[in-house]
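J.: One structure follows; several queries about it will come next.
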Amino acid sequence: MAAIGINFLLTFAQIVGGLVSGSLALIADALHNFSDAISLVIAFAARKIARRPSDARMTFGYQRVEIVAAMINYTSLIIIGLFLVYEAIMRFIEPQGVDGWMVVIIAVVALVIDVGTALLTYAMSKTSVNIRAAFLHNVADALGSVAVIIAGSLILLYDWRLIDPAVTLLIAGYILWQAFAEIGPVVRMLMLGTPPTIPADAVLASLRAVEGVADAHHLHLWQIHEHEDAADAHLVVPDEHWSEADAIKRRAKESLKRDFGISHTTFEMECARHACVTPRAIGH
């Protein structure tokens with residue numbers, strides 16, 4: 001909570017400093033820093049909600065709220081990045097004077113806070129897509145602060161006014177590159193896509209190789225949340241092995257757990273005599 005409060009105060013100081021000094025790059029850094037603070041609020045609120053146990057309303061539990069939080073944070077990064085591109089282009093068209101000293105001083109303070117906040121979230125970012133989104137917010141802002149310091153220094157030394165919108169474009173470009181690179185896996189999870197490290201064909205082949213399984217079809221693979229994959233499928237059992245259906249189901253579950261780490265599996269057992277007619281191997 002301290003990191004969140006400090007980031008809000010820093011945002012206010014950067015906006016005031018940017019308006020007084022005339023630096024668009026400093027305001028750009030302020031907007032991104034504001035998104036950092038918001039991203040931390042969203043990330044930690046989502047993490048707290050995610051710990052709730054499953055209930056009648058959310059039978060899979062609440063952990064997917066972290067994916068939703070990550071989506072919100074990455075989307076906000078994209079919006080901020082596009083806004084900064086527009087403002088930088090306008091500043092190229094109409095250059096303005098910039099107070100280099102104020103820019104450098106505020107950017108140095110911002111850099112210290114950004115690095116500190118990033119260090120606080122680094123460990124958790126390794127295991128949570130939600131916290132990783134907040135961490136990347138802070139990394140991007142730290143790099144933005146470095147760029148602003150460089151811009152302020154060049155303005156002081158050479159009065160290069162166009163360096164301010166140029167640095168703003170660099171900050172915006174990095175923000176957009178970062179957001180688009182990270183948002184794909186989040187969208188995939190929200191769309192119930194197949195886990196990226198699990199080939200559907202390989203899972204199907206593994207099920208068909210289980211002793212007592214004549215065929216497998218209607219396979220679905222998805223991620224319940226970032227650290228738990230799930231599968232369901234129809235398994236066809238020959239008439240003469242129907243009495244072993246429970247044992248066959250157990251072997252199928254063990255196979256997917258062993259080979260692919262899939263811990264949540266649901267199988268519909270079909271007697272070969274009454275199996276689906278011309279079923280799809282994957283999906284319905």
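Every read-out reported here was derived from the displayed coordinates using simple, explicitly stated rules and does not represent laboratory data. On a predicted model such as this, the values are computed, not experimentally measured, just so you know. Glycine gets a Cβ as well: all are built from the backbone with ideal geometry, and neighbour counts include every protein chain shown.
J.: For region 157-169, just list the computed ³J(HN,Hα) in residue order, Karplus coefficients 6.51, -1.76 and 1.60, θ = phi - 60°, integers in Hz, with x standing in for Gly and Pro.
T.: Karplus-based 3J(HN,Hα) across region 157-169 equals 7, 10, 6, 7, 5, 6, 5, 5, x, 5, 5, 4, 5 Hz.
J.: When you take every Cα atom in region 46-129, what is the radius of gyration, and what is Dmax, the widest Cα pair distance, in Å?
T.: Just the Cα atoms of region 46-129 yield Rg and Dmax of 19.7, 60 Å.
J.: Also, I was wondering about something else. Using mean Cβ contacts within 10 Å as the protection proxy, how do 44-50, 65-71 order, highest first?
T.: Order by mean packing, descending: 65-71, 44-50.
J.: Here's something else I'd like to know. Provide the convex hull volume over Cα atoms per residue for the chain, in Å³.
T.: Taking only Cα atoms, the chain has a hull volume of 144 Å³ per residue.
J.: A follow-up question, please. Ranked highest first by average number of other Cβ atoms within 10 Å, how do 179-188, 268-277 line up?
T.: 179-188, 268-277
J.: Quick query: amide H of residue 215 versus all other amide H atoms, modeled in the peptide plane; which residues come in under 5 Å with a sequence gap of 5 or more or a different chain?
T.: Residues meeting the amide H criterion: 236.
J.: List the residues, sorted by chain then number, that are 5 or more residues from residue 263 or on another chain and whose placed amide H is less than 5 Å from its amide H.
T.: HN-HN under 5 Å from residue 263: 229.
J.: According to the Cα gyration tensor, what semi-axes, each the square root of 5 times an eigenvalue, does the equivalent ellipsoid of region 109-262 have, listed from largest to smallest in whole Å?
T.: Each semi-axis is the square root of five times an eigenvalue, giving 54, 15, 9 Å.
J.: Highest mean first, what order results for 144-151, 208-215 on Cβ atoms within 10 Å?
T.: Peptide ranking by packing, descending: 144-151, 208-215.
J.: Can I ask one more? Would you pull out the residues with amide H under 5 Å of residue 282's amide H, same chain only if 5 or more places away, H placed 1.01 Å from N?
T.: Amide H neighbours of residue 282: 218, 219.
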